[in-house]
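Peer 1: Got a structure here, written out as structure tokens. Questions coming.
The values are calculated or read from the model by the stated rules, or taken from the named source; none is laboratory data. Note that the structure is a prediction, hence the values are computed from the model and not measured. Virtual Cβ from ideal backbone geometry, glycine too; neighbours counted across all protein chains shown. Ligands, DNA and RNA are stripped out before the accessible areas are found, and what is left, the full protein with its side chains, is counted by its heavy atoms. Shrake-Rupley method; radii C 1.70, N 1.55, O 1.52, S 1.80 Å.
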Amino acid sequence: MTPTSRLGKVLRRLRWPMVIVWVFAVVALYPLAHALSGLANGTAAASLPSSAPSTRVVELQQGPGQPDVDPATVVFVRGQGLTAKDLAAVASARTAVARRAGHVEGLGFPGPPRRSADGQADEFTADVTTRTNGESENGTDTAAVQAIRQAVAGPVSRAAGGLQVAVTGTAALVADGGVSGKAENTLLLTALVIV
């Protein structure tokens, strides 16, 4: 038997044990990698001189205790173009969301509606502010997005059929996904290990 064929046999026998070793290594080192990513400074302030006024602004915006702001965008669409009744429904929906802004935790007042150039869509955005991350962010975003969806349901139902509405944006993604960024990373790693 030649040395290359013996080496080939050994490598074939070791392929699955090596895959298992790599999977265990990835799982074991993940917390360390996650901790290292938290130490990296990828902000705009990292590439600016420390004496620049812009650096101070970035440091204040991203400092500890600063709120996390997720936008919730409400989009109204009609393929043949929005009618006057549709635009009235958009205005009424925006007013309904504004009324809930003071009563739902984290929900801010919606901005002005913006219409698309082709006249087929209109949208407005309300910010959802959370003081802490994680489960609190999920709860705040979920409550705010549910309140927005309830607020726009009435005005949209009074518009003529065919008007479509959706709530999207980061707040809706967090609310609909039900997982925070940390939990999402863990789920992605688990999926990688399973595959």
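Peer 1: Every residue in segment 67-82 that is surrounded by fewer than 21 Cβ atoms within 10 Å (Cβ to Cβ) and closer than 11 Å to Asp122 by Cα, please.
Peer 2: Within segment 67-82, Thr73, Val75, Val77, Arg78, Gly81 meet the criteria.
Peer 1: Could you run through segment 140-176 and say how many residues are in a helix (DSSP H, G or I) and open to solvent by less than 50 Å² (accessible area, probe 1.4 Å)?
Peer 2: Residues that pass the stated criteria total 17.
Peer 1: Also, quick follow-up: Show the residue pairs meeting these rules: Cβ distance below 6 Å; 6+ apart or different chains; first residue within segment 23-41 and of a type in the set (Ser, Thr, Tyr); second residue loosely packed, with under 11 Cβ neighbours inside 10 Å and at pLDDT 70 or above.
Peer 2: Within 6 Å, no pair qualifies.
Peer 1: For segment 95-117, indicate whether the set of residues that are at pLDDT below 90, open to solvent by 20 Å² or more (accessible area, probe 1.4 Å) and more than 22 Å from Thr168 (Cβ to Cβ) is non-empty.
Peer 2: yes
Peer 1: Now a separate question. Would you say Arg56 is surrounded by fewer than 11 Cβ atoms within 10 Å (Cβ to Cβ) and either modelled with pLDDT of 70 or more or part of a helix (DSSP H, G or I) (or both)?
Peer 2: no
Peer 1: Pull up segment 122-138, narrow it to residues that are open to solvent by 40 Å² or more (accessible area, probe 1.4 Å) and modelled with pLDDT of 80 or more, then point me to the one that is nearest to Arg78 (Cα to Cα).
Peer 2: Looking only at segment 122-138, we keep the residues that are open to solvent by 40 Å² or more (accessible area, probe 1.4 Å), and these are 127, 129, 131-133, 135-136.
When the remaining residues are screened for being modelled with pLDDT of 80 or more, the result is 127, 129.
On the way: Asp127: 25, Thr129: 30 Å.
So the residue we want is Asp127.
Peer 1: Now, a different point. From (1) modelled with pLDDT under 90; (2) more than 20 Å from the chain's Cα centre (by Cα), pick out the condition that doesn't hold for Gln62.
Peer 2: So the condition that Gln62 fails would be (2).
Peer 1: Sticking with this one: Which one is modelled with the highest pLDDT, of the residues in segment 28-47 that are within 25 Å of the chain's Cα centre (by Cα), part of a helix (DSSP H, G or I) and of a type in the set (A, V, I, L, M, F, W, C)?
Peer 2: Leu32
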